[in-house]
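**Student:** Sharing a structure, written as structure tokens. Questions coming.
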Amino acid sequence: MGELGLCSRREAEEWIVNGWVRVDGAIVDTLGVRVARSARIEVDPAARAQQREQVTIILHKPVGYVSGQAEDGYEPAVVLVRPENHWGGDASGIAFKPAHAQGLAPAGRLDIDSTGLLVLTQDGRIAKQLIGADSGIDKEYLVRVEGHLSDRGMQLLRHGLRLDGVTLRPAQVSWQNSDQLRFVLREGRKRQIRRMCELVGLRVTGLKRVRTGRIPLGALPAGQWRYLAPGEQF
């Protein structure tokens with residue numbers, strides 16, 4: 001079901017247990033049943049209705065919050081998803097419900113010293129789209145740096161560096177102004193940009209994610225959030 005793009009693995013398990021999945025006309029309510037690739041899979045409308053209720057949040061994460069689980073006394077960014085932090089400029093038309101703040105998972109990392117666009121979602125399909133192994137969604141960052149960057153260093157930032165024994169995918173890197181670089185990446189290793197800069201003799205003094213796919217951070221203020229609107233896609 002995940003391979004067909006019907007839902008996430010977690011959702012598939014819930015739908016099966018609830019008796020919402022039919023294979024070749026017969027209800028399958030036991031996990032782990034193997035079926036032929038040619039099998040006809042049908043999903044009960046109740047599952048689709050539940051899926052439509054899931055929300056995705058666009059948060060402008062401030063410095064000082066971690067993107068995932070709480071650690072070392074720092075709070076996770078999800079604690080900011082409260083009614084009082086809901087951006088007044090949200091044009092999605094979605095009214096806040098307490099259930100919208102439950103079960104949100106970060107679709108990508110943004111370290112504690114960084115700020116900018118963080119996606120929190122209840123929808124496993126969106127999480128897979130953004131952080132799955134075959135994700136092609138790019139992410140744009142503005143990175144303030146100190147130090148001298150040679151022409152060779154710039155070439156390496158664009159392609160040729162290795163982290164954790166793996167050659168990084170090609171990146172778009174250019175000067176935004178005299179002390180700020182613009183990065184566009186299609187991967188997200190832990191503290192990747194900071195580590196890339198260190199390898200070419202630069203020190204990062206500020207990092208902000210300003211776009212994920214087709215969704216820009218825009219005018220969303222730090223510490224506030226909005227809904228991903230029904231017509232928006234990454």
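Readers should treat all values here as calculations from the given coordinates under stated rules, not as data from a laboratory. Because the structure is a prediction, the values reported are computed rather than measured. Cβ placement follows ideal geometry from the backbone for every residue including glycine, while neighbour counts extend to all protein chains displayed.
**Student:** Given +1 on the Cβ of Lys and Arg, -1 on the Cβ of Asp and Glu, and no further charges, what dipole in debye does region 1-136 carry about its Cα centre, rounded to the nearest 20?
**Tutor:** On the way: 14 positive and 18 negative charges, 86 e Å.
Its charge dipole is roughly 420 debye.
**Student:** If you take every residue apart from W225 with its C-beta less than 15 Å away from the C-beta of W225, what net charge results, scoring Lys and Arg +1 and Asp and Glu -1? Show your work: numbers first, answer last.
**Tutor:** Numbers: positive: K61, R82, K97, R209, R226; negative: E75, E84, D90, E232.
That works out to +1.
**Student:** Using a 7 Å offset from the Cα along the Cα-to-Cβ direction at both R195 and D24, what is the distance between the two label points in nm, to one decimal?
**Tutor:** According to this spin-label approximation, the distance is 4.7 nm.
**Student:** What percent does the relative contact order of the chain come to when contacts are Cα pairs within less than 8 Å and at least six residues apart? Mind dumping the intermediate values first?
**Tutor:** Working: 409 pairs, mean separation 55.4, N = 234.
Result for the chain is 24 percent.
**Student:** Work out the charge dipole of region 9-51 with +1 on the Cβ of Lys and Arg and -1 on the Cβ of Asp and Glu about the Cα centre, then indicate which of I27, A39, I16 is farthest towards its positive end.
**Tutor:** Most positive-ward Cα: A39.
**Student:** Under a cut-off of 16 Å between alpha-carbon atoms, report the lysines in cross-link reach of K61, not counting same-chain residues fewer than 8 places apart.
**Tutor:** Candidates past the 8-residue exclusion: K139, K208.
**Student:** Taking +1 at the Cβ of each Lys and Arg and -1 at the Cβ of each Asp and Glu, which of L207, S150, Q180 sits farthest along the dipole of region 139-212 towards its positive end, judged by Cα position relative to the Cα centre?
**Tutor:** Of L207, S150, Q180, it is L207.
**Student:** What is the dipole size for the chain, taken about its Cα centre, with +1 at each Lys and Arg Cβ and -1 at each Asp and Glu Cβ, in debye to the nearest 20? Working shown, then result.
**Tutor:** Values: 33 positive and 27 negative charges, 135 e Å.
Result for the chain is approximately 640 debye, rounded to the nearest 20.
**Student:** Now a separate question. How large is the dipole of region 9-51 about the Cα centre if only Lys and Arg carry +1 and Asp and Glu carry -1, each at its Cβ, rounded to the nearest 20 debye?
**Tutor:** On the way: 7 positive and 7 negative charges, 43 e Å.
Roughly 200 debye for region 9-51.
**Student:** State the Cα centre-to-centre distance between region 30-108 and region 210-234 in whole Å.
**Tutor:** 14 Å
**Student:** Under 13 Å between alpha carbons, and skipping anything fewer than 8 positions from K97 in its own chain: which aspartates and glutamates qualify?
**Tutor:** Here the aspartates and glutamates satisfying the reach criterion relative to K97 are E53, E84.
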